[in-house]
Amino acid sequence: MPSPHLGQLPLSRRRFLAASAGTAAALGLAAPPARAAAGRRLPFGRYGTPAARRTPRTLYVSPDGQGDFTTVRDAVAAATGSGWTLVLAPGVYRETVAVDVTRTDATWIGASEDPQDVVIVYDNAAGTAKPGGGTYGTTGSATTTVQADGFTARWITFANDWLRADHPDITGTQAVAIKVQGDRSAFHHCRFLGHQDTLYADSIALTAFARQYYAHCYAEGDVDFVFGRATAVYEHCHFRTLNRTDLAAAPYGFVFAPSTAGANPLGYLVTRGRISSGAPDASYKLARPWVPSSDTTARPGLTVRDTRLDAGIDAVAPYANMSASFPWQNQRFAEYRNTGPGAVISVPENRPQLTDEQAGSATREAYLGDWEPWKGEC
């Protein structure tokens, strides 16, 4: 995502200091001590052990050596082909990980069943210098990249802890926690932590309408922190906008920046969720459309329905342009039955609303078709 005309000075949010399981407070939330203690006694919980595998295609990862591997990257490298499950013991996995297109139908499980205990984190930004020359760019900054179809993750935190304040010389401040490109990608009870471009919900190609499902997840950031061209449903998710002491005035950022292909009739659907804020009232926009230079025919789509918008969202003008050439009014933005101070409709032309009939087609079933990831074990 392009950097906005926003400052690059220190931020108030703390750097990730976690060095082992049970230090999730450094990530912004306190971990339940009883669960963390149980995780230390039984690192893989109810999911077996290397000596008693849940299935022949289950691999165990633990930083302390109790598993098959100590890093997620090494476990992914060993899991060639389709249908592997990785069980991750509590810990902080400081590494970058990529799941290529050949590793389909993979499942990653946080063994403690608390996403605060299992954290995959790194600190590359778009402007970070690569060892061989050049910079990583937005896509290359991702801590985790998932290209394969059929990926499922449960109870895991995906994070990028790069901070503007530590790198005032870098202007490419996009720092992706996870980039998801595969079809049938599901995340249950996961967290996505970062600042700019935290969760990149995308597809493998312009013509691929990748379906993705995020349930009971938490995402935080400041600039365009949920973005991309996937057909994505966010159900019962909590989005939180971060405070920014480096800026003199709003807007501090934007929650959503979809880049839906023009041929895709759908886009992002946010339903039965909440958008809260650690920033002053009205300091964030709900969304702005991203029409990338690689696809100037994009028509970004976003529907937010039955969701509470707290006071951090600018209720008077919740949408903004990323480029004057592609005004948000020409895109596919809509709301329906939202509540909270950020959802108050005072200027109707700034808040397009679905009719009851249109809302009947704005459902997870309509967006995801014959794929039903909310069924079964979650």
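The values are calculated or read from the model by the stated rules, or taken from the named source; none is laboratory data. Bear in mind the structure is a predicted one, so any value in this text is a computation, not a measurement. Because the Cβ atoms are built from the backbone with ideal geometry, glycine has one as well, and the counts that use them run over all protein chains shown. Just the protein is used for accessible areas: all its heavy atoms, side chains included, with ligands, DNA and RNA removed. Shrake-Rupley method; radii C 1.70, N 1.55, O 1.52, S 1.80 Å.
Model label sites at Asp74 and Ala248, defined 7 Å from Cα along the beta-carbon direction, differ in position by 5.2 nm.
Grab the Cα-Cα distance for Ser325 and Ala205, subtract it from 0.36 nm times how many residues apart they are, and report the gain in nm with one decimal. Before the final figure, lay out each step's value.
Values: separation 120, 0.36 × 120 = 43.20 nm, distance 2.38 nm.
Full-extension gain reported as 40.8 nm.
Between His238 and Glu95, residue separation times 0.36 nm minus the direct Cα-Cα distance comes to 48.9 nm.
Couplings for region 319-336, taken from phi via the Karplus curve 6.51 cos²θ - 1.76 cosθ + 1.60 with θ = phi - 60°, read 10, 9, 8, 8, 9, 5, 6, 10, x, 4, 5, 8, 9, 10, 10, 7, 9, 7 Hz in order; Gly and Pro are left as x. Amide H contacts for Thr85 (H built 1.01 Å from N in the peptide plane; partners 5 or more residues away or on another chain; cut-off under 5 Å): Thr58, Leu59, Thr107. In this Cβ point-charge picture (+1 for Lys and Arg, -1 for Asp and Glu), the chain has a dipole of about 500 debye about its Cα centre.
Percent relative contact order of the chain, based on C-alpha pairs within less than 8 angstrom and at least six residues apart? Intermediate values should be presented prior to the final figure.
Numbers: 1086 pairs, mean separation 40.0, N = 378.
Once divided by the residue count of the chain, the mean separation gives 11 percent.
Compute the convex hull volume of the Cα atoms of the chain, divide it by the residue count, and report the result per residue in Å³ as a whole number. Walk me through the numbers before you get to the answer.
Numbers: hull volume 51.3 nm³, N = 378.
Output value, Cα hull per residue: 136 Å³.
A 1.4 Å probe, protein heavy atoms only, puts the accessible area of His167 near 60 Å². Estimated from the Cβ-Cβ distance and a Förster radius of 41 angstrom, the FRET efficiency linking Thr297 and Asp169 is about 0.70.
Indicate the gyration tensor shape class of region 37-186 (rounded, prolate or oblate), computed on the Cα atoms with a ≥ b ≥ c the square roots of the eigenvalues: a/c under 1.5 is rounded; otherwise a/b larger than b/c is prolate and the rest oblate. Note, shape of region 37-186 comes out prolate.
Under a Gaussian network description of the chain, with springs only between Cα atoms under 10 Å, the residue in Ser203, Ser185, Ser82 that fluctuates furthest is Ser82.
Is region 185-234 best put as rounded, prolate or oblate by its Cα gyration tensor, with a ≥ b ≥ c the root eigenvalues, rounded for a/c under 1.5, and otherwise prolate when a/b is larger than b/c, oblate when not?
On the way: a/c = 2.88, a/b = 1.30, b/c = 2.22.
Cα axes put region 185-234 in the oblate bin.
Spacing of the modelled spin labels on Val347 and Ala129, each 7 Å from Cα toward Cβ, amounts to 4.5 nm.
Applying 0.36 nm per residue to the separation of Arg57 and Arg337 and subtracting their alpha-carbon distance, the gain on full extension is 96.3 nm. The string of couplings for region 195-211 from the Karplus curve (6.51, -1.76, 1.60, θ = phi - 60°) is 10, 9, 6, 5, 10, 9, 8, 10, 9, 6, 7, 4, 8, 9, 9, 4, 8 Hz, one whole number per residue in order, with x for Gly and Pro.
Which whole-number value in Å² is the accessible area per residue of the chain, probe 1.4 Å?
Values: 14450 Å² over 378 residues.
I get 38 Å² per residue for the chain.
Shape class of region 290-372 from the alpha-carbon gyration tensor: oblate, with a/c at 1.5 or above and b/c at least as large as a/b.
The phi torsions of region 111-117, fed into the Karplus equation with coefficients 6.51, -1.76 and 1.60 and a -60° offset, translate into couplings of 5, 7, 6, 9, x, 5, 8 Hz, rounded to whole numbers, with Gly and Pro shown as x. Bridges between two residues of the chain, per DSSP, are antiparallel at a rate of about 5%. Using a 1.4 Å probe on the protein chains only, how many percent of the accessible area of the chain belongs to carbon and sulfur? Using a 1.4 Å probe with all protein chains present, the chain comes out at 53 percent carbon and sulfur. GNM remark for the chain: springs join alpha carbons under 10 Å apart, and the peak mean-square fluctuation among Glu335, Glu95, Glu349 falls on Glu349.
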